[in-house]
Amino acid sequence: MSKINVKLTVNGTEVEKLADPRTLLIHFLREELDITGPHIGCDTSHCGACTVDLDGKSVKSCTIFVGQANGAEVTTIEGISGADGSLHVLQEAFREHHGLQCGFCTPGMITRAYRLLQENPDPTDEEIRFGIAGNLCRCTGYQNIVKAIRVAAEQLNSAQEAAE
Ligand code: FES
Ligand code: FES
């Protein structure tokens, strides 16, 4: 099958590569670009481990072909931490408040939480639970994930107020 030319901006860097049109975005990221933060946790588009930010929306990257993302801006967990490797407030909050155990769901969970806090900077616990409903965690029971996201929201809002 003939290849298609794919151009994306991934974590702020433009990439251009030929790809089989049947390539899923998750495989393109992991196998062609060596961006392995987004994980593959299911074959059924249920787990959310592969979540990335695509043009300002949370997307399960196993559910779209790379050609459908052509021209898009993609942010993965690697692009959420600072360029110098410093952790994002959300990552610090997950670490501090035990929002992870095995860590398999964590890149997708934090990438989803990152977008959730832009959609709703001051969510209630119920809104956080609804917001991460597409991301499964087999370890934590979610309590500490919700807590970590709430704490991160409070910290981001305080920083925003201090800057105003
Ligand atoms: S790998 Fe499970 S939803 Fe994408
Ligand atoms: S921390 Fe293990 S699946 Fe979420």
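So, in the stretch 24-38, exactly how many residues are touching a residue at least 40 places away in the same chain (Cβ under 8 Å) and open to solvent by 30 Å² or more (accessible area, probe 1.4 Å)?
1
Can you run down the residue pairs with Cβ atoms below 6 Å, 6 or more apart or on separate chains, where the first is in the stretch 135-153 and under 12 Å from His98 (Cβ atoms) and the partner is near ligand 2 (Cβ under 9 Å from one of its atoms) and open to solvent by 20 Å² or more (accessible area, probe 1.4 Å)?
Listed by first residue and then by second, the contacts come to Cys139/Gln101; Cys139/Cys102; Thr140/Gln101.
Any idea which of Glu31, Glu14 is away from ligand 1 (no atom under 11 Å from the Cβ), part of a strand (DSSP E or B) and over 19 Å from Leu116 (Cβ atoms)? Steps first, please.
On the way: Glu31 fails: part of a strand (DSSP E or B).
Checking each option against the conditions leaves just Glu14.
Yes or no, residue by residue, for (1) open to solvent by 70 Å² or more (accessible area, probe 1.4 Å); (2) more than 10 Å from ligand 2 (Cβ to nearest atom); (3) out of contact with any helix residue (DSSP H, G or I) (no Cβ under 7 Å at 6 or more places or on another chain); (4) under 20 Å from Ser81 (Cβ atoms):
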| position | (1), (2), (3), (4) |
| --- | --- |
| Gly99 | no, no, no, yes |
| Ala113 | no, yes, no, yes |
| Asp125 | no, yes, no, no |
| Ile132 | no, yes, no, yes |
| Cys139 | no, no, yes, no |
| Ala148 | no, yes, no, yes |
| Ala152 | no, yes, no, yes |
| Leu156 | no, yes, no, yes |
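Starting from residues that are in contact (Cβ under 8 Å) with a residue 40 or more places away in the chain, open to solvent by less than 30 Å² (accessible area, probe 1.4 Å) and in contact with an Asp or Glu (Cβ under 9 Å, 6 or more places away or on another chain), keep the ones in the stretch 67-89 and report whichever is farthest from Arg22 (Cα to Cα).
Checking each candidate, the answer is Thr76.
Please enumerate the residues belonging to the stretch 34-55 that are out of contact with any Leu (no Cβ under 9 Å at 6 or more places or on another chain) and over 18 Å from Phe104 (Cβ atoms).
Scanning the stretch 34-55 gives Asp34, Asp53, Asp55.
Within the stretch 23-41, is even one residue within 16 Å of ligand 2 (Cβ to nearest atom) and either of a type in the set (Gly, Ala, Ser) or over 30 Å from Gly141 (Cβ atoms) (or both)? Explain how you work it out, then say what you get.
Our first condition is that a residue be within 16 Å of ligand 2 (Cβ to nearest atom); within the stretch 23-41, this holds for 37-41.
Add one more test, that the residue is either of a type in the set (Gly, Ala, Ser) or over 30 Å from Gly141 (Cβ atoms) (or both), and what stays is 37, 41.
Checked the stretch 23-41: at least one residue is within 16 Å of ligand 2 (Cβ to nearest atom) and either of a type in the set (Gly, Ala, Ser) or over 30 Å from Gly141 (Cβ atoms) (or both).
Restricting the search to the stretch 90-117, which residues are without any contact (Cβ under 8 Å) to a residue 12 or more places away in the chain and farther than 17 Å from Ala49 by Cα?
Listed by number, the list holds a single entry, Arg95.
For the stretch 1-23, what are the residues that are surrounded by 13 or more Cβ atoms within 10 Å (Cβ to Cβ) and among the basic types (Lys, Arg)? Quick ask: steps written out before the conclusion?
From the stretch 1-23, those surrounded by 13 or more Cβ atoms within 10 Å (Cβ to Cβ) are 4, 6, 8-11, 15, 17, 19-21, 23; that's our starting set.
If the condition is that a residue be surrounded by 13 or more Cβ atoms within 10 Å (Cβ to Cβ) and among the basic types (Lys, Arg), then Lys17 is the only one that fits.
Would you confirm, using the coordinates I've provided, whether Asn120 is without any contact (Cβ under 8 Å) to a residue 24 or more places away in the chain, more than 16 Å from ligand 2 (Cβ to nearest atom), open to solvent by less than 70 Å² (accessible area, probe 1.4 Å) and not assigned by TED's automatic domain parsing to the domain that holds Lys60?
Yes, satisfied.
The values are calculated or read from the model by the stated rules, or taken from the named source; none is laboratory data. Nothing here was measured: the structure is a model prediction, and the numbers come from that model. Glycine gets a Cβ as well: all are built from the backbone with ideal geometry, and neighbour counts include every protein chain shown. Quick note on the areas: whole protein, heavy atoms, side chains included, nothing else; ligands and nucleic acids left out. Shrake-Rupley method; radii C 1.70, N 1.55, O 1.52, S 1.80 Å.
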